[in-house]
Amino acid sequence: MQRISRREFVKRTAVTGAAFTSFPALLAACGESTGANKVSKLVVAAVQGNEDGPLKKVVGNYKSQTGIEVQVVEFPYADLFTKLVTTFQANDSSYDLCMMDDPWMPKFGTMGALQPLDSNFGFTRDSDIPTVVYDVGTWPPPHGPVPPTEQSKAQHLYGITIVGNVEMFMYRSDKSSAPASWNDVLANAKTYNAPNFYGYVIRGKATNPVSSDSLPILWSFGGNIFDDTWKVQLDSADSITAVDFLTRKLKQYAEPGAESYDAAERSQAMATGKAYQSTVWPGEITGIVEDPSVSQVKGKVAYIPIPQGPSGKGLGMMGNWLLGIPKGSKNGSAAADFIKWMLKTENMRNYVTQGGIPIRKSILNDASLASANPYFKALAASFDAVPNWRPRTDQWGAVETSYGTAMNAAVAGQMTPQAAMQKAASEIRTVMKAANYPS
């Protein structure tokens, strides 16, 4: 999904992230609202863009039903992160709810910045919502490596997904059947590559874009950034093979200047009939590829989970946006009620009509919604396949900058896949060792 300012954000956090690591592990809890105090307004700190657009369209219904106004205060991506960190550090009560990109959970969890939704407000897991959706909002993380400072903490649910992003795959279904594996992807790229028609589109722009584009391939090939003990794996044989596959084999059939392509350029290439296949976020589908005012190929593109790699798995990447309740909010109970309202099936259906990306299996698998939302079936299958999340560390900004810079150099042909991953691995080991992770 296109994150217009995220690519700049990761550069900033690589430099400024150290400034936040000295925050107290826990912020002082403040009083929550009770039935004794009538709440008339809730304030949400939200990301500006297509992620919060549907939210803004449904809050009027909440006011009609409850009498409580929900004010959505928007910030650009990087500004929202900075604003939330500052708010949490001061234990400020300005915001009752906050939208959070899921890679931010390690920072906010480590800070102790959020109110637990389970123990404080009675949230329990709903079988109609994928388990991984709850897992991504849980801190410390329930699987995968846990940061050294967090290993003794009790797990709690701190965030609930309201934008069910998972990275998927798109291809021209009017030309061929779905690729089952990355070898099929490569074969189709060769078959359908032609002058002014790209067999594959690489989202190769430095840092976040190429990181997001390449990680599903890396994982599906058995590579990784870290193993379960935080040892860096980017210079492993599997990781280098994956990078070679993308930056050498697939690149033969990719667009010129792939190292400068972001999500908008990728989706425009598909929408204007200039490309055969690529990875894709749901927001690109609704905003560009299936938008009749933009697309020349509406109805000719199909969506599937990430194809299988040599590991035997096809692993998508989560990009969920969550709602959480800051420790400083004095209206915790009312804020929790709003999250519960958003999760109700009938309200989520209305959210979908406004362009929202749902998380309920029953909605994603509803045949009556398939025509208007052709990616729903693939998104449901992607959740079932249990997509990966980015490593759950508050050092992720610096890690992604090193990885995404090296990947960009490999896409541009400035470094070999092996040299690029060795450079990234060395830099990341230095960063993690300085943060007291195992080297």
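The values are calculated or read from the model by the stated rules, or taken from the named source; none is laboratory data. Nothing here was measured: the structure is a model prediction, and the numbers come from that model. For neighbour counting, all protein chains shown are included, and Cβ atoms are generated from backbone atoms with ideal geometry for every residue, glycine included. The protein model used for the area step is the full one, side chains on, heavy atoms only, and it has no ligands, DNA or RNA in it. Shrake-Rupley method; radii C 1.70, N 1.55, O 1.52, S 1.80 Å.
At-a-glance table
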{"item": "Calculated [θ] (222 nm, deg cm²/dmol) that DSSP helices of n ≥ 4 give over the chain, each run adding -39,500 (n - 2.57)", "result": "-11000 deg cm²/dmol"}
{"item": "Given charges at Cβ of Lys, Arg, Asp, Glu: the chain dipole, positive-most of PRO358, SER295, TRP230", "result": "SER295"}
{"item": "Projected area, mean over directions - region 112-196, Cα convex hull, nm²", "result": "9.9 nm²"}
{"item": "Simple spin-label estimate for ASN183 and LYS300 in nanometres, 7 Å along Cα-Cβ", "result": "3.0 nm"}
{"item": "Net charge over other residues, Cβ less than 9 angstrom from the Cβ of LEU343 (K, R count +1; D, E count -1)", "result": "+2"}
{"item": "Difference of contour (0.36 nm per residue) and Cα-Cα distance, GLN89 to THR149", "result": "19.8 nm"}
{"item": "Point-to-point label distance, LYS361-ASP118, nm (Cα→Cβ direction, 7 Å offset)", "result": "1.9 nm"}
{"item": "Descending semi-axes in whole angstrom, ellipsoid equivalent of the chain, from the Cα gyration tensor", "result": "35, 27, 17"}
{"item": "Potential lengthening between LYS63 and SER293 on full extension [0.36 nm per residue; Cα-Cα distance subtracted]", "result": "79.5 nm"}
{"item": "The chain, accessible area per residue, ligands and nucleic acids excluded (1.4 Å, Å²)", "result": "37 Å²"}
{"item": "Carbon + sulfur, % of accessible area of region 90-165 - ligands and nucleic acids excluded, 1.4 Å", "result": "47 percent"}
{"item": "Percent antiparallel among DSSP beta bridges (both partners in the chain, rounded to 5)", "result": "60 percent"}
{"item": "FRET efficiency, ALA237 to GLN71 (Cβ-Cβ, R0 45 Å, nearest 0.05)", "result": "0.30"}
{"item": "Full-stretch length increase - THR229, LYS340 - with 0.36 nm per residue and alpha-carbon distance subtracted", "result": "36.4 nm"}
